1. Where the centre of each part is set by its Cα atoms, how far does the stretch 114-155 sit from the stretch 342-391, in angstrom?
2. Name the chymotrypsin sites (Phe, Trp or Tyr not before Pro) in the stretch 97-198 that are in a loop by DSSP and that have at most 12 other C-beta atoms within 10 Å, would you?
3. Let me know the whole percent of all Cα-Cα pairs from the stretch 760-811 that are separated by more than 14 Å.
4. Can you give the convex hull volume of the alpha carbon atoms of the stretch 181-310 per residue, in Å³?
5. Kirkwood hydrodynamic radius of the stretch 333-380 from all distinct Cα pairs, in Å?
6. Take each of the peptides 485-492, 241-248, average the number of other beta-carbon atoms within 10 Å over its residues, and list them starting from the highest.
7. Can you compute the radius of gyration and Dmax for the stretch 243-369, using only the Cα atoms, both in Å?
8. What whole-number volume per residue, in cubic angstrom, does the convex hull of the C-alpha atoms of the stretch 4-239 give?
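Rule-based calculations on the coordinates, nothing more; no lab input. None of these values were measured; they are calculated from a predicted model. All Cβ positions, glycine included, derive from the backbone under ideal geometry; neighbour counts span all protein chains shown.
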Amino acid sequence: HKYVYLFEEGNADMKYLLGGKGANLAEMSRIGLPVPPGFTITTEACNFYLKENKSFPEGMMEQVYAALKKIEEKTGKIFGDALNPLLVSVRSGAAISMPGMMDTILNLGLNDETVKGLAALTGDERFAYDCYRRFIQMFSNVVLEVEHSLFEDIIERYKSKLGIIFDYEIPAEELKKIIEEYKALVKKEKGFDFPQDVHEQLVMAIRAVFDSWNNQRAIVYRRINKIDDNLGTAVNVQSMAFGNMGNDSGTGVAFTRNPSTGAKELYGEFLVNAQGEDVVAGIRTPMPISKLKEELPGVYEQFIDTCAKLEKHYRDMQDIEFTVEKGKLYMLQTRSGKRTARAAVNIAVDMVNEGLITKEEALMRVDPEQLNQLLHRQIDPSAKLEPIAQGLPASPGAACGKVVFDADIAEKLGEAGEKVILVRNETTPDDIHGIVLAQGVLTSRGGMTSHAAVVARGMGKPCVCGCEVIKIDMANKQFTVNGTVVKEGDIISIDGATGRVMLGEVPMIEPSLSGEFATLLSWADEVRKLKVRANADNPQDAAKAREFGAEGIGLCRTEHMFMETERLPIVQEMILADNEEERKKALAKLLPFQKEDFYGILKAMSPYPVTIRLLDPPLHEFLPDYETLLLEIAELKHSHADPALIRKKEELAAKVHSLAEANPMLGHRGCRLGITYPEIYRMQARAIFEAMIELKKENIPAFAEIEIPLVMDVAELALLKEEINDVYREIKEETGVELEYAVGTMIELPRACIVADELAKEAEFFSFGTNDLTQTTLGFSRDDAEGKFIPVYLDKKIIKNNPFAVLDRKGVGGLMKIAVEKARSENPDILLGICGEHGGEPSSVEFCHIIGLNYVSCSPYRIPIARLAAAQAAL
Ligand code: ADP
Ligand code: MG
Ligand code: MG
């Protein structure tokens, strides 16, 4: 069985076997780009190793040695040879990129003998011992698990003794002493000598890379990013290119286009006389790639050419790692570059205009969920700002929160619902859990490709990095900037789009659709089959929704109108009424308010339809809390208040008590209210019709879809529909005006799905209320489930997603499918939509497309997401 592939044997399509890094190294070799020779050990070998108690599959090491022979032939160097040693890197690489999560070892193949050979061969002793020093440190840390800081302590001691700042200034003689101390440290920590046998080094390194698949941060990263734990990592063994051979050498990271804005420009950083992780670690601040043009013009030319070739070949923006050895360029990695939503949209549209990709491809290139970033807040451009510092604009968006210096604290406060900004010198993969729960990240060191920047962009979190003027004092939990002291818990704002940092909270604005974003969405509109509506309860939200492209309102909740302060007392009066007479009086007072509401929202949406749901929640939601009332009564009694007042309160308390329900979600609510108190729904119907008459007089087209909630049987629907039609007939009699409207129902009970054919005889439309349908199908009370047991269910992999966020296709979706089929069999023209939270979630939108709904309805800010998701579903 083949476990090892030379780079020239693989290609980009073999990602699952060779990992993304290996497959792309193979592809780059294949198309003739300068890649140091190497080979890849497959993910299959890794999975075998992890399953079979850490043993290599049979024959794997023989294949490794055979491949190593080929590398020796190509490079003319020999692994472990004292005179002409081959050095390699051993690099992890999974099918799905997990930047920095797993381990890589450079300069492997050095020992006390080969280092001399390397020195003699290159005539550069300092270089050779610098490699050896790096190798011992990296190998000991990654493979032997000796604390990184112990090595840093030694080197720092030497630097301060020598009075120098940078590693590359340490002379060869001192490096030799450092190496001796390093070896002694390993001996002390591990009880054995640093391995001198290069073959043993190689085997240990391969094991370490396999093992790194299951290190803590990789596991966390996979959980956050929903990556399958069974993919495994490949191992790439590659001959070294040396970026630490002087000032015509160096290492860099670049994107073929700007990953923040999408602008068509090379974007990246280069560090002279450095190796690998020096750039990412953010220890020295690198120079922008454009400067390479001045420093090493020949290399810059090669680089530009190569980037152009890569983009043309991959037809996408690439994220590249490269090294320059004495003026010669080597490509060490390429992958499709992570980018902000803004960049994703701009690049997709630009590439269509450049003729590189089709419109359909452009639509598939943008992750709908990611558009959320563009629909987020920015700092109000008209705000007068007084920045206290300026860093690099590493990830756009504005954030505000309390300063926190520690990822654990950020996590804790974030979980408690506090807004925090994580402030660090630099971040490492061990900080991920804190970044997840922070509003944004601010670092004092590191460039645009530092860990903090990459991670924040991936998560769509605002980030400012390399803000060198802030001096962090961890011991005192504060930072200072030009004399200002900012303590833990103080509020700051950061602007990831410009790099500015402000004290306190600054004014922010909501986003809008324009330019490339609008273009892309117009392409989405050309292909999608689903209409997109909004859930909106007032004219402002309706207007916002239209701006984002809504084609109607799929859910207007009338109870939100009942909650407003001036209306609540009237609503309470209505609820507390002892008889129908009194109730009608209160309802008459509510009528003008409701009419005004419906007038406003129908007008804002004109000529599109508005689905108006009649009153749904249990009535006690409008009343004061029982316990609070009891306390108030006790206090009134204690202060000998007016007995009449006390009696009134007591009556109220009694009524509240009588309305309390053991299980309100399944209680006296929805159409059951309309059945028991028909006058409530009659008032609402009247308000709708009167508003429509008003609009008709003004020649403003309006169409109301009157929706009856929580129906389980056609008899409920028939009865309430007749009430509504009766109100209409009354009004027609009074005014002589004729109106067009529809009556339908929300489908949110399993029984309703099963009897959908009967319901469809009475209903002109169905809207799947998948929030409640999920509750009633799974028997999960949402408010209890999300906090208490869903996280455990996710953790134990009983469920894949939170069913309230991502539609449960099998269960809830299964019922929806039954309902759709039954409804259409009875009433082929019935209008079918969804109005649960799922209506704005891409995979749920896809499901709605598959089962043939007519529209999805979601919150105004998710409309662009739904438009794109609907297009992707149709492609
Ligand atoms: P990661 O997946 O964390 O990016 P890599 O395997 O890409 O890890 O290695 C990190 C860096 O190490 C690379 O970007 C490159 O700079 C350096 N590196 C890896 N292999 C080699 C090599 N063969 N020659 C020179 N540098 C290398
Ligand atoms: Mg890399
Ligand atoms: Mg409901």
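1. 43 Å
2. In loop regions of the stretch 97-198 (DSSP not H, G, I, E or B), the sparsely surrounded chymotrypsin sites (Phe, Trp or Tyr not before Pro) are F166, F192.
3. 56 percent
4. Hull volume normalised by residue count: 188 Å³.
5. 11.7 Å
6. Going from most to least packed, we get 241-248, 485-492.
7. In order Rg, Dmax, the Cα atoms of the stretch 243-369 give 15.2, 47 Å.
8. 134 Å³
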